[in-house]
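Report on one structure; see the data block that follows.
None of the figures in this text is laboratory data; all of them are computed from the coordinates on show. If you're wondering where the values come from, they're calculated on a predicted model, not measured in any experiment. Glycine also receives a Cβ, built like all others from the backbone with ideal geometry; neighbour counts cover every protein chain displayed.
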Amino acid sequence: MTLPMLFLGMLIGTYVIGWLRVLFDYVYFRLKGMTCLSVSGIFIRWEKLYTTSHPQGKMVFSVSSRLNQIYPTIVMYKRPERERKVDLFYFSFCLVSSIGLIILAVAFEIFLCERVGPYVASLAGGFCFGGASVFLSVFLRQYRSQVSLKPIREKADMMLRLLANATSPDELLLEPFDIVNYTHGSLDDKVNYLIVYYETAEIKNDLAAMATCVNEMIKINGLGLTDTGHFFMDSVLYSYYSFRQKDPELARKYYQHSKKRIDSHRGLTGRRKLAYYAFYIEGNKEYAKTYAQEGLASLTLEVPSVFPLEREFEEKMLKYLLSQIDS
């Protein structure tokens with residue numbers, strides 16, 4: 001075994017098998033009625049943006065200076081149902097694929113070394129190990145999110161299902177911030193919990209819960225987050241300090257930190273946040289009105305990830321701002 005060739009093979013295998021796995025996910029989940037929202041890897045990203053000129057959505061390519069994902073990743077989406085369901089086929093497929101590739105890697109090292117030489121055998125073995133790491137990573141993520149949910153992930157999952165299916169803010173459940181389980185959650189679990197918790201608090205207009213959530217976001221903002229993680233955190237924080245707290249310094253800080261992603265987010269929520277920022281922080285009524293009108297225009301779009309209750313909330317917020325601009 002030659003370590004340099006083994007590592008080279010692992011690197012190649014990670015990305016070749018990784019992109020093949022993305023292709024498989026796209027076909028498999030499309031057959032299950034899901035929509036592709038984004039594809040990313042390292043510093044590149046394709047994201048589906050819904051605009052009035054592209055009501056069915058258009059995949060837009062971008063390059064980030066911050067890391068997107070180590071492994072090639074695809075986000076397929078379907079509105080959460082009230083009851084969580086485990087995809088046993090996909091779950092088993094990832095496990096069997098990872099085990100099969102590990103066995104293949106060991107076989108290459110044992111049986112091919114004398115026939116093709118140590119360099120080629122190590123390269124082939126590394127390729128299989130790299131591919132196995134992709135499927136093992138997906139398997140573990142699926143296991144944590146579908147089978148062995150930590151309490152904080154389970155609470156985020158429950159709140160998300162309520163958001164997706166509720167018809168009134170009164171149907172949303174907002175328990176006190178679970179700081180004990182939150183503290184012991186992984187970074188991904190914390191981000192998921194914070195985003196769903198804040199959105200629920202915002203729709204219910206629970207200012208104390210929003211403030212608690214923002215304080216925790218500030219603590220983890222920048223700690224190993226991907227570009228998308230930064231964007232989610234920054235978009236909440238700059239919006240919060242634009243309207244709820246009206247702190248120009250902090251609003252500009254978090255806006256500038258993810259400016260490129262924020263400006264390109266032309267959907268309902270993205271335009272609403274920009275409109276409030278333009279009006280309350282920059283004092284630019286013209287820009288604020290343009291953003292608000294763009295947001296209202298996007299109400300006609302059937303965006304899969306925008307829930308009915310969220311749509312109703314955003315419409316109310318945009319109309320309120322327009323009334324303030326015109327008064």
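May I ask for the angle, rounded to the nearest 10°, between helix 268-280 and the longest principal axis of the chain, with both axes built from Cα atoms and the value confined to 0 to 90°?
Between the helix axis and the principal axis of the chain, the angle is about 50 degrees.
Under unit Cβ charges (Lys, Arg +1; Asp, Glu -1), what dipole magnitude, rounded to 20 debye, does the stretch 151-326 have relative to its Cα centre?
Computed about the Cα centre, the dipole is about 560 debye.
Tell me the label-point distance for the pair Glu154, Phe61, using the 7 Å Cα-to-Cβ offset, in nm and rounded to one decimal.
Distance between label points: 4.5 nm.
What do the square roots of 5 times the Cα gyration tensor eigenvalues come to for the stretch 179-249, in whole Å, largest first, as semi-axes of the equivalent ellipsoid?
Largest first, the stretch 179-249 gives 19, 15, 10 Å.
What is the sum of charges around Glu310, taking Lys and Arg as +1, Asp and Glu as -1, for the other residues whose C-beta is under 10 Å from the C-beta of Glu310?
-4
Which residue, Tyr77, Ala107, Ala251, has the largest displacement toward the positive end of the dipole of the chain when charges sit on each Cβ (Lys, Arg +1; Asp, Glu -1)?
The one lying farthest along the dipole's positive direction is Ala107.
Quick check: pseudo-label points 7 Å beyond the Cα along Cα→Cβ at Asp87 and Lys259, how many nm apart are they?
3.8 nm
Figure the gain on full extension for Leu112 and Thr300 (residue separation times 0.36 nm, minus the Cα-Cα span) and round it to one decimal in nm.
So the chain would gain 61.7 nm between Leu112 and Thr300.
Cross-link list Lys58/Lys78; Lys155/Lys273; Lys58/Lys285; Lys48/Lys155; Lys78/Lys319: which exceed 19 angstrom alpha carbon to alpha carbon?
Long pairs (Cα-Cα over 19 Å): Lys155/Lys273; Lys58/Lys285; Lys48/Lys155; Lys78/Lys319.
Mind sorting Ser258, Ser53 by how few other Cβ atoms lie within 10 Å of their own Cβ, fewest first?
Ser53, Ser258
Could you tell me which of Leu194, Leu174, Val303 has its Cα farthest along the dipole of the chain towards the positive end, charges placed at Cβ (Lys, Arg +1; Asp, Glu -1), taken about the Cα centre?
Val303
Cα axis of helix 118-142 to longest principal axis of the chain: angle in degrees, 0 to 90, nearest 10?
Between helix and principal axis, roughly 40 degrees.
Candidates [x] 49; [y] 24; [z] 30; which is the computed percent of Cα pairs over 37 Å apart?
Checking each listed value against the structure points to [y].
Among Phe135, Phe7, Phe243, Phe111, which comes first, then next, by fewest other beta-carbon atoms within 10 Å?
By the 10 Å Cβ count, ascending: Phe111, Phe7, Phe243, Phe135.
About the Cα centre of the chain, how large is the charge dipole given +1 on each Lys and Arg Cβ and -1 on each Asp and Glu Cβ? Please answer in debye to the nearest 20.
With only Lys, Arg, Asp and Glu charged at Cβ, the dipole is about 480 debye.
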